[in-house]
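Single-structure report; data block below.
The values are calculated or read from the model by the stated rules, or taken from the named source; none is laboratory data. Just so you know, these numbers come straight off a predicted model, no measurement behind them. Heads up, the Cβs are rebuilt from the backbone with ideal geometry, glycines too, and the neighbour counts pull from every protein chain shown. Protein only, heavy atoms only, side chains kept; ligands, DNA and RNA dropped before computing areas. Shrake-Rupley method; radii C 1.70, N 1.55, O 1.52, S 1.80 Å.
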Amino acid sequence: MYSDLIAEHFMDPGYVGNIDSPEFEFKVGNSVCGDRIQIQFKTSKNKITQIAYRAWGCATSVATGDIFCESVENQSFDELVSRSNEQMAALLGELDPSQQHCVNIMESLHEKLVAAIG
Amino acid sequence: MDKQTLSYYFDYNATTPISESVTNTMKSNLSLFYNPSSNSTLAGESKEVIHRARRNVAKLLGCEPAQVFFVSGGSEANNWAIKGYLLNLYKNPGHIITSAIEHPSVLESLKYLEKQFNFQVTYIEPQANGAISAQDVGRAFNPRTQFISLMYANNETGVIQPVEFIQKLLHSGVKFHIDGVQYIGKCPTDVKSLNVDFMSFSAHKFYGPKGIGGLFVKDPKALSPLIHGGGQEMGMRAGTENMLAISGIGQAADDCNNWMDSWYKHYVDCKNYLIKRLQELPFKIDFNGDIDTTKSVPNTLNFSIDGVRGEAVAAFLDKKYNIAVSVGSACSNNKQNKLSHVLVAMGLDEERVQSALRVSFGRYTTFKDIDYFVDGLTFSVTKLQNIGAIA
């Protein structure tokens with residue numbers, strides 16, 4: 001079963017696509033389940049001003065990419081680097097046991113982002 | 001029954017809706033509370049409900065009513081056939097042949113016998129077309145072989161296993177169990193000419209209620225009782241009968257006896273139409289297992305779609321179109337649990353297994369429903385391929 005949050009971001013994602021000449025780009029994969037997410041973004045004045053993603057994976061992983069993008073857009077670098085793994089996991093709301101692997105994906109996205117802007 | 005819901009339902013191998021005739025029969029028997037084991041006059045009607053059901057099921061299978069035993073469903077029937085026979089031989093545990101694509105109720109029962117009683121089990125791998133080779137089974141025999149357990153049709157691919165050929169290879173004294181759960185009620189069956197020892201079946205796969213199924217037993221003396229007690233089910237499964245459910249399976253069997261030919265033709269027409277529509281799609285489809293309607297049950301189609309995960313497609317179909325299908329892989333951090341053991345055993349690579357869908361339709365499916373499914377599939381896959389187009 002999918003929560004309303006996951007269903008909404010899976011069915012109608014707002015951040016799918018590519019950015020022309022992205023300033024940053026990284027990919028996250030889960031070697032066990034095979035899910036892959038690509039993130040591209042641009043920054044201005046220590047903020048993420050434009051972000052897009054693509055995802056190959058299950059419904060929850062597609063939603064995870066979208067929730068991640070929404071959570072970082074227009075946020076300052078200081079705010080982004082201060083986020084904890086618990087805060088990142090909480091962004092996904094309640095997950096079934098079979099969807100828990102997306103918490104790892106979300107944490108990996110956060111780590112890659114911090115490494116890119118830190 | 002909500003006709004619109006049925007129009008969106010493509011998961012008949014998981015379970016079928018209870019047909020109107022079965023519903024009516026069960027409703028009409030609701031007031032029959034007399035214990036069929038009683039000798040009172042009033043219990044006669046209850047007894048007759050069970051006798052009639054047993055006769056109908058025997059006709060469906062092509063056997064005698066005394067060879068039909070009602071149980072709670074396919075898993076129980078599989079467990080009983082395997083353990084009810086082989087545990088009689090626990091002092092002399094021998095060799096068992098099965099396949100790698102069996103239902104978990106067979107595989108787990110055999111693992112139990114391996115671990116607890118030192119039986120030796122050979123698991124035959126299927127060929128790329130989803131069928132096991134009769135020759136491979138023939139080669140697996142050894143002088144200690146005591147039992148073979150194989151499914152008639154695979155639940156995921158629908159591929160029919162060559163049980164007639166395998167029966168001809170049987171060595172003397174070797175018992176043959178067929179898990180017929182995905183075959184009985186869809187295709188004509190004759191256990192007499194098959195000459196098998198045990199055949200499992202389940203009512204909710206052919207428009208009967210859940211919680212009732214049965215086991216055909218050629219020679220009941222060869223099998224130990226499943227439940228000891230008051231002598232019900234001819235002394236093989238004690239406990240007051242689930243009379244309503246038994247009346248339901250009896251009606252479901254009677255419907256099959258009367259209409260099987262026309263339904264079978266309907267399934268073949270639907271499958272051929274779905275295959276044609278899928279082959280016209282603008283993206284690549286790979287069928288998993290033989291799709292020939294003489295080599296697979298005609299209500300089942302398993303295929304993989306390039307560039308998407310089956311789980312995501314199924315979720316999209318469910319959320320946007322209310323369409324129900326099954327998938328070949330559940331997303332999980334546990335690799336062993338997530339991939340279909342059937343598709344993996346057929347040698348398909350991980351990405352193809354992950355992108356697999358099982359579509360199974362039934363009596364109530366129309367060409368218009370198939371068009372609705374294909375339109376929904378086209379939109380869902382196109383959208384997900386765009387989302388997943390990672391450079």
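Which of rounded, prolate, oblate describes chain A, given a ≥ b ≥ c as roots of the alpha-carbon gyration tensor eigenvalues and a/c under 1.5 marking rounded, otherwise prolate only if a/b is larger than b/c? It comes out prolate by the Cα gyration axes. When only Cα pairs below 8 angstrom with a gap of at least 6 residues are kept, segment B:134-263 shows a relative contact order of 18 percent. Restricting attention to segment B:20-255, close to 35% of DSSP beta bridges with both partner residues there are antiparallel. The residues of segment A:21-41 listed by number as losing at least 40 Å² of accessible area in the complex, against the isolated chain and with a 1.4 Å probe, are A:Val32, A:Cys33. Sparse packing (at most 16 other Cβ atoms within 10 Å of the Cβ) combined with a DSSP loop state is found for the following chymotrypsin sites (Phe, Trp or Tyr not before Pro) in segment B:222-307: B:Phe283. Taking only the C-alpha atoms of segment B:218-266, the Rg (one decimal) and the largest Cα-Cα distance, Dmax (whole number), read 15.4, 44 Å.
Treating only the Cβ of Lys, Arg, Asp and Glu as charged (+1, +1, -1, -1), what charge dipole size does chain A show about its Cα centre? Round to the nearest 20 debye.
On the way: 8 positive and 17 negative charges, 90 e Å.
Roughly 440 debye for chain A.
Taking label positions 7 Å along the Cα-Cβ direction at both B:Glu20 and A:Asn74, the computed distance is 5.6 nm, reported to one decimal. With the helix formula -39500 (n - 2.57) applied to DSSP H stretches of n ≥ 4, chain B reaches a computed 222 nm mean residue ellipticity of -13000 deg cm²/dmol. Take the Cβ atoms of B:Thr382 and A:Glu25, set R0 to 30 Å, and the FRET efficiency comes out at 0.75. Of the chymotrypsin sites (Phe, Trp or Tyr not before Pro) found in segment B:1-105, those in coil by DSSP whose Cβ has at most 13 other Cβ atoms within 10 Å are B:Phe33, B:Tyr90.
Taking only the C-alpha atoms, wrap a convex hull around segment B:143-202 and report its volume per residue in Å³ as a whole number. Mind showing how you got there, number by number?
Values: hull volume 5.1 nm³, N = 60.
Spread over its residues, the Cα hull of segment B:143-202 gives 85 Å³ apiece.
For the pair B:Val268 and B:Ala66, label points projected 7 Å from Cα toward Cβ lie 3.7 nm apart.
Could you tell me what percent of the DSSP beta bridges with both partners in the protein assembly as shown are antiparallel, to the nearest 5?
Details: 38 of 60 bridges.
Expressed as a percentage, antiparallel bridges in the protein assembly as shown total about 65.
Return a whole-number percent for the relative contact order of segment A:1-56, with Cα pairs under 8 Å and 6 or more residues apart as the contact set. Please list the in-between numbers first.
Values: 75 pairs, mean separation 18.0, N = 56.
Here the relative contact order equals 32 percent.
Taking a straight line from the alpha carbon of A:Lys27, these lysines sit under 30 Å away, with near neighbours fewer than eight places off in the same chain left out: A:Lys42, A:Lys45, A:Lys47, A:Lys112, B:Lys284, B:Lys319, B:Lys320, B:Lys335, B:Lys338, B:Lys383.
For chain A, the antiparallel share of DSSP beta bridges with both residues in that region comes to about 95%.
Ellipticity at 222 nm from helices only: DSSP H runs of n ≥ 4 in chain A, each -39500 (n - 2.57), divided by the residue count, give -12500 deg cm²/dmol. Volume per residue for segment B:219-354 equals 222 cubic angstrom (convex hull of Cα atoms).
Could you tell me what a quarter of the Cα convex hull surface of segment B:235-296 works out to, in nm² with one decimal place? Don't jump to the answer; show the numbers that get you there.
Values: hull surface 29.8 nm².
For the Cα atoms of segment B:235-296, the hull's average projected area reads 7.4 nm².
The tail of the calculated P(r) for the protein assembly as shown, taken as Cα-Cα distances beyond 37 Å, holds 39 percent of the pairs. Short-range pairs are left out: with C-alpha atoms under 8 Å and at least six residues apart, the relative contact order of chain B is 22 percent.
Here segment B:1-83 was treated as a single set of alpha-carbon atoms; its pair distances binned every 10 Å from 0 give 14, 31, 36, 17, 2 percent. Rounded to whole Å, the principal axis extents of the Cα atoms in chain B read 72, 53, 37, largest first. Using only side-chain charges placed at the Cβ, +1 for Lys and Arg and -1 for Asp and Glu, the dipole size of chain B relative to its Cα centre rounds to 460 debye. Buried accessible surface for the B/A pair, both sides summed and rounded to the nearest 100, is 2200 Å² with a 1.4 Å probe.
Roughly how many whole Å is it from the C-alpha centroid of segment B:31-49 to that of segment B:253-278? Computed from Cα coordinates, the inter-centre distance equals 37 Å.
Can you list which of the trypsin sites (Lys or Arg not before Pro) found in segment B:123-169 are DSSP loop residues with at most 14 other C-beta atoms within 10 Å? For trypsin sites (Lys or Arg not before Pro) across segment B:123-169 that sit outside H, G, I, E and B with at most 14 neighbouring Cβ atoms in 10 Å, the list reads B:Arg144.
A 1.4 Å probe run over the protein chains yields, for the protein assembly as shown, 41 Å² of accessible area per residue, whole-number rounding.
Distance between the 7 Å Cα→Cβ label points at B:Lys91 and B:Ala128: 5.0 nm. Rounded to the nearest 0.05, the FRET efficiency derived from the C-beta distance between A:Glu86 and B:His341 at R0 = 35 Å is 0.45. Across every pair of non-identical alpha carbons in segment B:1-146, the mean reciprocal distance, once inverted, gives a Kirkwood radius of 19.3 Å.
The heavy atoms of B:Asp2 present about 90 square angstrom of accessible area, all protein chains included, probe 1.4 Å.
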